[in-house]
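Working notes, structure below.
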Amino acid sequence: MTEFLETQVDKFTFRVAKDRKYSSFGIWALLKGNAVQIGLSDFLQQTSGDIAFADVQPVGTLLKVGESCADIETIKVDLEILSPLTGKIIRVNPLMESVPETINQDPYSDGWLCEIEPSNWANDWENLLDPGAYFTQMKRQAEEESKK
């Protein structure tokens, strides 16, 4: 079972899964066999609003770090999701087409976006934030936004 770092800011509770790494933008990456599953952090999905539409790049798409791997439309914003690693998309979560709100309901499990076959995983892994570092960044950002 996944363990979480957790904080409460105002009336919101934000969780960071401890078993994966994160981009500074709030995209998580979890090694699953020879593939890396990616998705939105709890903080990113909560602050973006209810997800209405998720358009993930198709299987076979080659990505570099920082290239668009998905577009997410919420009731508040449109998000371009940037890949946290280099590789090829080998699987897209079928729930994204029919029930993209799964991201809001279960961001660290059923709400994943896609799986990528990494081409430079060791280097990409080193450049991602560990859960503690992302938690610190996320908490600071949540506190700043709550003061607005």
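A few comments on the model shown:
- Vicinal HN-Hα couplings computed from phi for the stretch 15-24 (Karplus, 6.51 cos²θ - 1.76 cosθ + 1.60; Hz; Gly/Pro x): 10, 10, 5, 7, 9, 8, 10, 9, 7, 5
- Estimated 222 nm signal from helices in the chain, with DSSP H stretches of n ≥ 4 weighted -39500 (n - 2.57), rounded to 500: -6500 deg cm²/dmol
- Given (1) 12, 44, 36, 8, 0; (2) 11, 36, 26, 14, 7, 4, 1; (3) 11, 35, 28, 19, 7, 0, the label whose value is P(r) over Cα pairs in 10 Å bins from 0, in percent derived from this model: (1)
- Sequentially through the stretch 33-41, phi angles give Karplus couplings (6.51, -1.76, 1.60; θ = phi - 60°) of x, 9, 10, 10, 8, 10, x, 8, 5 Hz, Gly and Pro residues having no value and appearing as x.
- Size of charge dipole - the stretch 4-135 - debye, nearest 20, with Cβ of Lys, Arg +1 and Asp, Glu -1, no other charges: 340 debye
- Residues with amide H under 5 Å from that of E67, placed H, sequence gap 5 or more: S83
- Using a simple spin-label model with pseudo-atoms 7 Å out from Cα toward Cβ, S98 and F25 lie 2.9 nm apart.
- Per residue, the accessible area of the stretch 13-96 comes to 44 Å², computed with a 1.4 Å probe over protein heavy atoms only.
- Loop-resident sites, the stretch 15-78, for chymotrypsin sites (Phe, Trp or Tyr not before Pro), counting at most 16 other Cβ within 10 Å (DSSP): F25
- Protein accessible area in the chain, 1.4 Å probe - carbon and sulfur %: 47 percent
- What the Cβ-Cβ distance of N123 and E80 gives, at R0 = 22 Å and to the nearest 0.05, is a FRET efficiency of 0.45.
The values are calculated or read from the model by the stated rules, or taken from the named source; none is laboratory data. These figures come from a predicted structure and were not determined experimentally. Using ideal geometry, Cβ is built from the backbone for each residue, glycine included, and neighbour counts are taken over all protein chains shown. Only protein heavy atoms, including side chains, enter the accessible area calculation; ligands, DNA and RNA are left aside. Shrake-Rupley method; radii C 1.70, N 1.55, O 1.52, S 1.80 Å.
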